[in-house]
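Each remark here refers to the structure printed beneath this line.
Here, each number is a calculation from the coordinates, and none is a lab measurement. Just so we're clear, the structure is a prediction, and the values are computed from it rather than from any experiment.
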Amino acid sequence: MTETKETENKIAQLQVLEQNIQNVLAQKQSFQSNLIELDNALNEVTVAKSKLYKIVGNIMVVSDKESITNELSSKKEIINLRIKSVEKQENQLKEKAASLQGEVLSGLNSKGAK
């Protein structure tokens with residue numbers, strides 16, 4: 001009876017871990033989407049021949065190419081760091097889930113052998 005409760009608790013923990021993995025994957029996808037947008041913006045800035053504008057609050061202001069490029073590059077670095085952090089978190093959660101899944105399966109297999 002105690003083994004059953006322990007196995008049920010592990011299964012519940014495994015479900016929570018899977019949910020956390022899904023949340024982390026959603027975050028990662030969002031960051032990757034932002035990264036693509038930043039790359040596209042950087043490409044547009046490098047080929048731009050006319051005035052460049054950036055949005056500040058509710059208005060657009062003229063800005064120089066260098067400052068916009070620096071700003072976008074800085075944002076890109078931050079997003080890359082966030083992606084690496086999220087990937088590290090994802091890997092840790094997956095390792096925990098795999099370990100817990102192994103425990104659950106061995107617990108179920110030992111019950112089946114009895």
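Here are some notes:
- Summarised as an ellipsoid, the chain has semi-axes of 51, 12, 9 Å, derived from the eigenvalues of the Cα gyration tensor scaled by 5 and square-rooted, with the largest first.
- The chain: relative contact order as a whole-number percent, Cα under 8 Å and 6+ apart: 41
- Segment residue 66-residue 103, length gained on full extension (0.36 nm per residue, minus Cα span): 7.8 nm
- The chain: angle of helix 2-47 to the longest principal axis, Cα-based, in degrees nearest 10: 10
- nm² value of the averaged projected area, convex hull over the Cα atoms of segment 34-101: 6.1
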